[in-house]
Amino acid sequence: MLKKKNRRRRKKEKKKVERRRRKRKRECVQRSGVCCTEFEFIQGIVEEVSNSKLYRMPLFVAKYPVGINSRAEAIELLLDIESIDVHMVGIYGLGGVGKTTIAKAIYNRIFYLFDGRSFLENIREKSKTDEGIIQLQETLLFDILGNKNLKVGSISRGINMINESLCGKRVLVILDGVDELDQIENLLGRCDWFASGSRIIITTRDRHLLDTFGNGLSTYEVKGLNEHEAFELFNQYAFKRNEPKEDYLELANQVIRNAKGLPLALTIMGADLHGRKIPEWKNSLYKYENFPNKDIQKILKISYEGLDETEMDIFLDIACFFNGHYMDYVVDILETCDLYPVSGIPKLIDKCLLTIDQYNKLSMHDLLQQMGREIVRQESPRKPKKRSRLWFYKDGLDLLIENELKKQFLKMKNLKLLIIRNLHSSGHLEYLPNELRFLDWPGYPFSSLPTNFCPKKLVALNMSGSRLEKKFKQIFSSETLKYVNFSWCKYIRKLPDLSKAPNIKELDLRYCTNLIEVHDSVGHLEKLEVWELSNCTKLRILPSCLMMKSLASLTLTGCSSLKKFPDISQEMKCLGKLALHSSGICEFPSSFGNLIGLKSLLLGNHLFGEILGLPPNISCLGVRSDISMDPQLSRRISQGDDEYEIILPGHDIPNWFNHQSVEKSISFWIGPEFPTFGLCLAFGMEDDYSDYCYRVDISINGSRRTFKRGILFKNSFDHLWFFCRPQSSLQKQFQDLKLGYRNQVELSCEIFFPPFAPKKSTPFVKRMGVHVECRCSPPPPPPQNSSIFHDNYEEVQPRGRRISKRIVHQQLKLSHLQGPSFILRRLLCHTLCPTRSTSRQLLLKARKLSNNNRKRKRALVARSCICLCGAQASCQCPKEVCCTYSAGLASVCSMNLDSPTRDIRTA
């Protein structure tokens, strides 16, 4: 198909050249009144042919186009070449990642399919002057029309000429290196004049620029090379082959790790190291780590130079101090520095200078961080004291000499961010700047803070593992304070009044082993979201009442001296996680039911004694137990369709889990609707050595999704883990899956090592249980004197899709889980029968009851049957026969051999 199109287009090109040759000859005659000389005529033809060849010439892509084709193919799919519609695609990414190279490769793959084509490179630099813009407009017209004599004159006239001259042509236009919207408008106007089948490609470092086009433009982010591609590209430049020399392998890998997949860096550093000896390599690597390559920095710095002043400060602060921190944390700190990070950080993300991951953490490419720090270093290369920021310990060493701390801090009264690590000192500290917004001093070596230290704009305080013991109440006088970390502070006995710091969002007091009392004011911190008190073994007194409408997580794990849980005076909708395992709490208030948003509850060993069932607040699992709790609690917490997680002590899965397995997977069937699943896991471990990760996958008819993932704590292998997924959650997760009448479900659990865990012993799944909530409608009450028996039973042959009612009672009614009537009714309506006739048709096999048995009224019985919703033995709904019939009791069984059975008698 494409070959035929190419041949037709080549013929058209030849005809165009012939028409232009004849036209040029006529122009020569008209211009002079006589025929032009033979030399002029031949020169015109040569020029025309040369322009035509240049017009169809492909572009040079790269010396070693590693990883280009796969990315070009992905973008080509977005272009949808076969479509007659106009398509626009925006390619964005970090500087030096290969956007221009990929655009050239795409141009070479498709340019011959268009009536006109143009690749305009480096628009950002050429558009800085009006003359440059006019030159770009003339280049675009020449590329598509082939006429060098066209002159634009002005920008506005050029826009009109482009619209009028090109509107009837199917064109390919690539605008490379755009960073402002007006650059596109100066060349393409309002982008509404293109002929059918035209394709427009724009490359930029600014994603927000592409967003202005709305749905009319598809976007493609160019990411760095993967490990294999980076290895190949670097080796091609450094060694002129795919593999490095054996002695250079480790050094080559070090360079590749530093480049983090950026083709620009791999190319420049590979070419720079080519032919050098090992000592030169080692010296160059040290230099790369401390002083970025100028050629690399020149390209990367282009995006930085396009920022305004506050955005530049945000970029430098993150490069020097906050790379890898949570976005909300960074925003709160920089907001008090008057840098407007709420709008500034998204701009850095749009310009590919920052990225944000699924956990809301900010990060930047290592080479960008290196570039930012080099910009700061250049403020005063020889005198670190004169720089705006210090992050390297050697540069700050002379500022923090023991006897000079007060003197140096007095010189920095406007200091806003202070981070100190591993400073060992004695005595006491006399001064700290009151303008601090961020104080990060873990292992603070002094027992108290300076008496005159009263920071009114402090946002984040981290003094974990410090020797702080007294005189720190004044630090909580700041209304801007939001993050407090006093974890591992073994000398703190009482947390002071925090009423003057009402905006605290996170309070970390983990492993404060001598902490006895928390001031009552903490219970009234309405902005507090995360409160960590785990392993405060001497803690006995909490606030008497919790009124914390924003609290999302409360951890009291290991607080063995704590006996009573505080009152909950009002509904707390946000508290989703409450960890109480290994605590001493044995008394809950009746107001505990105000925790209406609770999703994850971790409970202690002795709290429920021998009872291993779920507490009544997880009513979505259809479970009840005799745990002593306030009735109001269970009614209020059970509202809603939330997911739940509870950890209880024990090894044996409750028998109401109607599917059970001793392996790490379990399978069963469900009906045509998504039910609510309850999952119970019992883990085994020979040695409680470390924490591990687990993942539970759910597969429905072969379509696999993640059901649950998390961390398996090292001290929880003697516990049962309960998870609940409501019907609405499963329906959303499998929204692309259409359920049939019967659907196979498989749940499987995998345990794996986190990166930091020693691989000494592996946990395993001891047992697995699933409870499926019945989705069938409740059955109607049985009518009086109803019976399904008939005096003359015999074989009943099916007629079409229905079983004949010739022998069966005409008014068959459903009785409430009594006898086989509910089974027979299902057979009459839907019909899967257990045996086949000689004609291979389904039939219902019955037998005539003798006169001797008539008094006993023994019913026809199914030995095994399936709940149409998949709930199996725990439901009270019509069942479908899947086995054979016999006389006596009906046993409704799960398809799993380990499931319990339920005996059902006739009326």
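Using a probe of 1.4 Å, the accessible surface attributed to TYR329 totals some 50 Å² when neighbouring protein chains are kept in position. Between the residues TYR248, THR267, ASN283, the greatest Cα displacement towards the positive end of the dipole of the stretch 227-290, with unit charges on the Cβ of Lys, Arg, Asp and Glu, is found for ASN283. Counting heavy atoms of the protein chains alone, GLU479 has an accessible area of about 120 Å² for a 1.4 Å probe.
The alpha carbons of the stretch 297-379 give a radius of gyration and a Dmax of 11.6, 35 Å, in that order.
Here's the picture: charge each Lys and Arg Cβ at +1 and each Asp and Glu Cβ at -1 in the stretch 391-533, and of TYR444, LEU515, ILE492 the one pushed furthest to the positive end of that dipole is TYR444. Ranking of ARG421, ARG377, ARG117, ARG190 by solvent-accessible surface, largest first: ARG190, ARG421, ARG377, ARG117 (1.4 Å probe, protein heavy atoms only, all chains present). For SER165 and PHE392, the FRET efficiency from 1/(1 + (r/R0)^6), where r spans their Cβ atoms and R0 equals 60 Å, is about 0.55. How large is log10 of I(q)/I(0) for the stretch 104-218 at q = 0.14 Å⁻¹ when the intensity is taken from the Debye formula with one equal scatterer per alpha-carbon? These q points yield log10 I(q)/I(0) values of -0.53.
Sorting the segments 275-287, 137-149 by their mean number of nearby beta carbons within 10 angstrom, highest to lowest, gives 137-149, 275-287. Shown is the FRET efficiency for ARG695 and SER156, computed with R0 = 51 Å from the Cβ-Cβ distance and rounded to the nearest 0.05: 0.25.
Using the Cβ of PRO292 as centre and a radius below 11 Å, the other residues enclosed give a net charge of +2, where K and R count +1 and D and E count -1. Here the stretch 525-553 and the stretch 208-278 have alpha carbon centers that stand 49 Å from each other. With all protein chains in place and ligands, DNA and RNA left out, the 1.4 Å accessible area ranks TRP488, TRP193, TRP391 as TRP488, TRP391, TRP193, largest first. Full extension of the segment from GLU221 to LYS538, taken as 0.36 nm per residue of separation minus the current Cα-Cα distance, would add 108.8 nm. Compare the Cα positions of PHE321, ILE349, HIS365 along the charge dipole of the stretch 297-379 (+1 at Cβ of Lys, Arg; -1 at Cβ of Asp, Glu; about the Cα centre) and return the one farthest towards the positive end. Sorting the options by dipole projection puts first HIS365. If you take the Cα centroid of the stretch 325-371 and the Cα centroid of the stretch 79-134, the two points sit 30 Å apart. Local charge for ASP350 was computed over the other residues whose Cβ lies under 14 Å away, with Lys and Arg +1 and Asp and Glu -1, and equals -3.
The modelled label-to-label distance between ASN414 and ARG257, using points 7 Å beyond Cα along the C-beta direction, is 4.1 nm. In the assembled protein chains, HIS719 presents an accessible area of approximately 10 Å² (probe radius 1.4 Å).
The Rg/Rh ratio of the stretch 409-565, with both radii computed over alpha carbons and Rh defined as the Kirkwood radius, is 0.96. Coupling constants for the stretch 162-173 follow from the phi torsions by the Karplus curve (6.51 cos²θ - 1.76 cosθ + 1.60, θ = phi - 60°), and in residue order they are 5, 4, 6, 7, 10, 5, x, 10, 7, 10, 10, 10 Hz; glycine and proline get x.
Ranking TYR112, TYR692, TYR220 from most to least accessible surface, computed with a 1.4 Å probe over the protein chains only, gives TYR112, TYR220, TYR692.
The values are calculated or read from the model by the stated rules, or taken from the named source; none is laboratory data. Note that the structure is a prediction, hence the values are computed from the model and not measured. Neighbour counts run over all protein chains shown; Cβ positions are idealised from the backbone, glycine included. Please note that ligands, DNA and RNA were not included when accessible areas were found on the heavy atoms of the full protein model with its side chains. Shrake-Rupley method; radii C 1.70, N 1.55, O 1.52, S 1.80 Å.
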